[in-house]
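Engineer: One structure, pasted below without further comment.
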Amino acid sequence: MTMADRPAVPRQTPSAPGDGGEGPQRTPPSTRRRVLTLIIVVLLIGIPAGYLAISANQSRDSGKDKEGKAAATGLTEGWPSRVSRRIYDVPIPAYSADVASYESNSWKISKLYVQFVTSQDGLDQFLGRIGTSRSSLEQGKVTISTKEAATVGWQLGAGEKSKWAGTVHKHPKPQPVQDITVDFANKAHPKVYVVSTVTP
């Protein structure tokens, strides 16, 4: 059988879309553009929103961690920074011993807790530099509240009342208010406790 004797096989042409054939269905360009635009918009809005939510949670957790660590640590041995001493107006006399401090901050109020042991002259110098004097100390009085003292583990007012003396020194706002209590158990080297409070 020769090539010429074979029956002719009709050629199949691909069916055009919509003519009832089985050809592949193509998505119109306008639909593809709308889908792509929608995806881009979702990504542009969704990614920054998710990032901000994660950052906010991390910042809040970090703040809580720092606050918790600070509260757990309590007093830190050593002098507070010069900036803190200036802001809270706590001019610790030179050559003071047993110096320790703790600072707490919030959006409403900030406090600096300070303790130090000084000499009689050093006490007079400290009181004079903040604008008051020894005469303002009321014998037998503890001016730092039990709650404030508990914040840093101070035990004030124990034993004979005569060895304690205190005063509250107020400045015009926005300068700090200072609760000062002095332990005269060692008369040559009184121990000074200060809670300096700053409010907006």
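The values are calculated or read from the model by the stated rules, or taken from the named source; none is laboratory data. Computed from a prediction, not measured in an experiment: that's the story for all the values here. Don't worry about glycine lacking a Cβ; one is built from the backbone with ideal geometry, like all the others, and counts go over all protein chains shown.
Engineer: Given the conditions (1) modelled with pLDDT of 95 or more; (2) over 25 Å from the mean Cα position of the chain (by Cα), which single one is not true for residue 43?
Structural biologist: Evaluating residue 43 over (1) modelled with pLDDT of 95 or more; (2) over 25 Å from the mean Cα position of the chain (by Cα) leaves (1) as the failure.
Engineer: Any chance you could count how many residues in segment 165-200 are within 18 Å of residue 97 (Cα to Cα) and not in a strand (DSSP E or B)?
Structural biologist: Looking only at that region, the number is 7.
Engineer: Could you tell me which residue of segment 128-169 is modelled with the lowest pLDDT, considering only residues that are at positive phi and over 29 Å from the mean Cα position of the chain (by Cα)? Reasoning before the result, please.
Structural biologist: Within segment 128-169, the subset at positive phi is 131, 140, 153, 157, 159.
Still in the list and also over 29 Å from the mean Cα position of the chain (by Cα): 131, 140, 157, 159.
Values: 131: 93, 140: 93, 157: 90, 159: 83.
Once the filter is applied, the top-ranked residue is 159.
Engineer: Take segment 149-163 and flag every residue that is under 13 Å from residue 115 (Cα atoms) and touching an Asp or Glu at 6+ places or on another chain (Cβ under 9 Å).
Structural biologist: 154, 156
Engineer: Follow-up. Does segment 170-184 hold any residues that are over 25 Å from the mean Cα position of the chain (by Cα) and at pLDDT 95 or above, and which are they?
Structural biologist: Filtering segment 170-184 down to residues over 25 Å from the mean Cα position of the chain (by Cα) leaves 170-172, 180-184.
Matches in segment 170-184: 180, 181, 182, 183, 184.
Engineer: Can you tell me which residue within segment 135-163, out of those that are over 21 Å from residue 123 (Cα atoms) and polar (S, T, N, Q), is surrounded by the most Cβ atoms within 10 Å (Cβ to Cβ)?
Structural biologist: Once the filter is applied, the top-ranked residue is 151.
Engineer: Among the residues of segment 135-152, which ones are assigned to a helix (DSSP H, G or I) and closer than 17 Å to residue 104 by Cβ? Can you show your working first?
Structural biologist: Step one: of segment 135-152, the residues assigned to a helix (DSSP H, G or I) are 135-136, 146-152.
Scanning segment 135-152 gives 146, 147, 148, 149, 150, 151, 152.
Engineer: Here is a follow-up. Given the options 120, 125, name the one that is at pLDDT 95 or above and more than 36 Å from the chain's Cα centre (by Cα).
Structural biologist: Details: 125 fails: more than 36 Å from the chain's Cα centre (by Cα).
Only one candidate passes the filter, namely 120.
Engineer: So which residues in segment 164-187 are closer than 20 Å to residue 140 by Cβ and surrounded by fewer than 18 Cβ atoms within 10 Å (Cβ to Cβ), if there are any at all? Explain how you work it out, then say what you get.
Structural biologist: The first filter runs over segment 164-187 and keeps only residues closer than 20 Å to residue 140 by Cβ, leaving 164-169, 178-187.
Matches in segment 164-187: 168, 185, 186, 187.
Engineer: Could you look through segment 100-109, keep only residues that are at pLDDT 95 or above and surrounded by fewer than 20 Cβ atoms within 10 Å (Cβ to Cβ), and pick out the one that is farthest from the chain's Cα centre (by Cα)? Break it down into steps so the answer makes sense when it comes.
Structural biologist: We begin by selecting, within segment 100-109, every residue at pLDDT 95 or above; these are 100-103.
Now narrow it down to the ones that are surrounded by fewer than 20 Cβ atoms within 10 Å (Cβ to Cβ): 100, 103.
On the way: 100: 21, 103: 11 Å.
So the residue we want is 100.
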